[in-house]
Amino acid sequence: MALALSERSLEAMGAHAREAYPEECCGLIVERGGCEEAVRASNTQNELHREDPARFPRTAAVAYTMGPEAAPFLIGSERGELRLLAIYHSHPDREAYFSAEDRRQACGARGEPIYPQAAQIVVSVRNGEVRTVKAFRWDSRARDYLEEPIGPP
């Protein structure tokens, strides 16, 4: 089964990834009121790194932590006010793959996905240009995120 996303959402993710380059971008794809939209979140990783480099050794060049503007959408999803279709982030100058760190963030401490209904999208950006966009979805039998094609709605 393919992850159905609009061309508008794909373009918005790509634009966000290009603008954030050479740092990672992050955001959400949500559906509310029958409309799909890409929601940008700030990447607060550099701030966390500056405040506590021992606890947060990675910078925004290789990691992301979503800013507070993502919270209302995540809470709205939990309350049933909207559908969380996907969580996205970019990999500057790296391939679009679901890394061990990506899995750790998506699953939390218990090793179970925090938002199992949401696909995880990774955008590869090299030299400021989007190269590849891949989606990954939790497979309960494999107990892992597996690649899923992205198609039109």
Condition set in a loop (DSSP other than H, G, I, E, B) and charged (D, E, K, R), scope region 136-153, selection surrounded by the fewest Cβ atoms within 10 Å (Cβ to Cβ): answer is 141
Hits in region 100-113 - residues which are modelled with pLDDT of 95 or more and either part of a loop (DSSP other than H, G, I, E, B) or touching a helix residue (DSSP H, G or I) at 6+ places or on another chain (Cβ under 6 Å) (or both): 113
Within region 1-27, how many residues turn out to be touching a Leu at 6+ places or on another chain (Cβ under 9 Å) and either free of Cβ contacts under 8 Å to residues at least 24 places away in the same chain or part of a helix (DSSP H, G or I) (or both)? 2
Determine whether residue 133 is touching a helix residue (DSSP H, G or I) at 6+ places or on another chain (Cβ under 6 Å) and of a type in the set (Val, Ile, Thr). no
Against the conditions (1) in a helix (DSSP H, G or I); (2) in contact with a Gly (Cβ under 9 Å, 6 or more places away or on another chain); (3) in contact (Cβ under 8 Å) with a residue 40 or more places away in the chain, where does residue 30 fall short? Just the number, please. (1)
Kindly provide the set of residues from region 4-51 that are over 15 Å from the mean Cα position of the chain (by Cα) and polar (S, T, N, Q), ordered by number. 6, 46
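Among the candidates 60, 4, 38, 20, which residue alone is among the hydrophobic types (A, V, I, L, M, F, W, C) and surrounded by fewer than 18 Cβ atoms within 10 Å (Cβ to Cβ)? Break it down stepwise before answering.
Numbers: 60 fails: surrounded by fewer than 18 Cβ atoms within 10 Å (Cβ to Cβ); 38 fails: surrounded by fewer than 18 Cβ atoms within 10 Å (Cβ to Cβ); 20 fails: surrounded by fewer than 18 Cβ atoms within 10 Å (Cβ to Cβ).
From the options 60, 4, 38, 20, the qualifying one is 4.
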For region 91-104, which positions are farther than 22 Å from residue 18 by Cβ and free of Cβ contacts under 8 Å to residues at least 24 places away in the same chain? 100, 104
So which residues in region 71-90 are in contact (Cβ under 8 Å) with a residue 24 or more places away in the chain and assigned to a loop (DSSP other than H, G, I, E, B)? 81, 82
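The values are calculated or read from the model by the stated rules, or taken from the named source; none is laboratory data. In this text, all values refer to a predicted model and were calculated from it rather than measured experimentally. FYI the Cβ positions are ideal-geometry reconstructions off the backbone, even for glycines, and counts take in every protein chain you see.
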